[in-house]
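A.B. asks: What follows is a structure written as structure tokens; I'll ask about it next.
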Amino acid sequence: MDYEIFDLGDVTLQSGVTLPDAFLAYKTYGRLNEKKDNVIVYPTAFGDQHIQNEWLIGNGMALDPREYFIIVPNLLGNGLSSSPSNTPPPFDRAHFPQVTIYDNVKFQHRLVTEKFGIHKIALVVGWSMGGIQAFQWGASYPDMVERIAPFAGVAKTWPQTYVVLEGMKAPLMAAVGFDSSKLNMLTSADMRAVGRVYAGWGVSQAYYREELYREMGFDSLADFMAGVWEDSFMKMDPHNVLAMLWTGQHADISANPSYGGDFDKALKSITALACIMPGSTDLFCPADDNEYEANLMPHALFKPIESIWGHFAGRGINSADNQFIDDNLKRLLARRANE
């Protein structure tokens, strides 16, 4: 086990349901300095675990463990933190309660403050649903978070993104005849169709047209769909996926008592220095949505990743996209509040 567990105890979720013996799985990189001000929080995305974040961490990079103490908390529902697959009855599998992004960040805040005694965060960064968590950190704890850098992630699930996630859920519901009482019959084999659905959203039309999957070692479109989309999704537990899909569909940084659903107010309340990096051809979290959000934030720079890798411009696969993200993170970390 290359990660640690932070026991949350019995937690009351935003839904009002109490989840007993909840826990966060997390991994740290680097050392916390004496002032406890060299902290970077890097939450995981939908379906990812901490290991998928490691491409952005390394010596000489913006997230340099020789300089920063980097905390990677795993999303609830991802199979390592409290999830349908590792929670005992009565909250196992399809009975796992609904968890929000707000819940996740609230629990991460407990990890950071209770476990490490940290009260100032230099940067919260994340891809996709990790990006939504970065926005939520900025909105929930504006006095604590100095910088945020969401890439290919929005501050709420806009209608387009909601529809994409609904399309990913549909094959699992179809597998049980849209009878929610039969959801516990789902197996990982049912995830194959989910991968096929997501194949049309993860990268752009130009990516497919130019056959960039050949650069990843696939000789044909069919091989790419099977070897990447089907394979990666079939490794996931379907109940974990349904839980994370619910979290994603209902993400909204203003859906909490602090903002009462006033999305614009929540954005204007993010005082952190921010670098917002959408993928220019992202079909899943469109750049236009991020531009709207950045324009309402008092200290945000809007820096699209000019790439035909779509949503996966932020996935750590394409070297040019990786360099762009790292360079912008270095510039952001060099900025001070009065700049």
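The values are calculated or read from the model by the stated rules, or taken from the named source; none is laboratory data. These numbers come from a predicted model, not from an experiment. Please note: Cβ atoms are built from the backbone with ideal geometry, for glycine as well, and neighbour counts cover all protein chains shown. Side chains included, ligands, DNA and RNA excluded: accessible areas come from the protein's heavy atoms. Shrake-Rupley method; radii C 1.70, N 1.55, O 1.52, S 1.80 Å.
A.B. asks: Largest first, how would His250, His50, His119 line up by accessible area (1.4 Å probe)?
C.D. replies: The ordering from most to least exposed comes out as His119, His250, His50.
A.B. asks: Looking at the chain, send over the antiparallel percent of its DSSP beta bridges, to the nearest 5.
C.D. replies: 40 percent
A.B. asks: PRE reach from Glu166 (point 7 Å along Cα→Cβ): which of segment 257-301 fall under 13 Å by backbone N?
C.D. replies: The answer is none.
A.B. asks: Taking the Cα centre of the chain as the origin, how large is its charge dipole in debye, to the nearest 20, when only Lys and Arg (+1) and Asp and Glu (-1) carry charge on their Cβ atoms?
C.D. replies: With only Lys, Arg, Asp and Glu charged at Cβ, the dipole is about 560 debye.
A.B. asks: Tell me which label goes with the value of semi-axes √(5λ) of the Cα gyration tensor in Å computed from the coordinates here: (i) 29, 25, 19; (ii) 29, 24, 23; (iii) 33, 22, 18.
C.D. replies: This structure yields the entry labelled (i).
A.B. asks: Identify the GluC sites (Glu not before Pro) of segment 180-259 meeting these criteria: DSSP loop state and at most 16 other C-beta atoms within 10 Å of the C-beta.
C.D. replies: Listed in order of number, the matching sites are Glu210, Glu211.
A.B. asks: Ok, one more. Which GluC sites (Glu not before Pro) in segment 22-97 pass both tests, a DSSP loop state and at most 13 other beta-carbon atoms within 10 Å?
C.D. replies: In loop regions of segment 22-97 (DSSP not H, G, I, E or B), the sparsely surrounded GluC sites (Glu not before Pro) are Glu34.
A.B. asks: Among the aspartates and glutamates, select those whose C-alpha is under 19 Å from the C-alpha of Lys36, and discard any that sit fewer than 8 residues away in the same chain.
C.D. replies: Within the straight-line limit of under 19 Å, Lys36 reaches these aspartates and glutamates: Asp64, Glu67, Glu114, Asp143, Glu146.
A.B. asks: Measure up Lys27/Lys330; Lys115/Lys268; Lys156/Lys235; Lys156/Lys182; Lys35/Lys120 against 19 Å on the Cα-Cα distance and list the ones that go over.
C.D. replies: In this structure, Lys27/Lys330; Lys115/Lys268; Lys156/Lys235; Lys156/Lys182 lie more than 19 Å apart at Cα.
A.B. asks: For segment 242-339, which trypsin sites (Lys or Arg not before Pro) are in a loop by DSSP, counting at most 11 other Cβ atoms within 10 Å?
C.D. replies: Here the trypsin sites (Lys or Arg not before Pro) that fit, given the DSSP loop and packing criteria, are Arg336.
A.B. asks: Tell me, what is the per residue accessible area of the chain in Å², probe radius 1.4 Å?
C.D. replies: 41 Å²
A.B. asks: Is the C-alpha gyration tensor of segment 35-83 telling us rounded, prolate or oblate? Criteria: a/c under 1.5 is rounded; beyond that, a/b larger than b/c is prolate, otherwise oblate.
C.D. replies: Working: a/c = 3.68, a/b = 1.79, b/c = 2.06.
Oblate is the answer for segment 35-83, as a/c is 1.5 or above yet b/c matches or exceeds a/b.
A.B. asks: Whole-Hz ³J(HN,Hα) for each residue in segment 48-53, computed from phi via Karplus 6.51 cos²θ - 1.76 cosθ + 1.60 with θ = phi - 60°, x for glycine and proline: what do you get?
C.D. replies: With the stated coefficients, segment 48-53 comes to 8, 10, 3, 4, 6, 8 Hz.
A.B. asks: May I ask you to work out the translational diffusion coefficient for segment 20-123 at 10 °C, viscosity 1.306 mPa s, via Stokes-Einstein with Rh from the Kirkwood sum over Cα pairs, reported in whole µm²/s?
C.D. replies: Once the numbers are plugged in, D ends up at 110 µm²/s.
A.B. asks: Based on Cα positions only, what radius of gyration and what Dmax would you give for segment 161-247, in angstroms?
C.D. replies: 14.0, 44
A.B. asks: Same structure again: Hey, what do the phi angles of segment 23-38 turn into as Karplus ³J(HN,Hα) couplings, whole Hz, using 6.51/-1.76/1.60 and θ = phi - 60°, x for Gly and Pro?
C.D. replies: The phi angles translate into 7, 10, 8, 8, 9, 10, 9, x, 10, 6, 7, 5, 6, 6, 10, 9 Hz.
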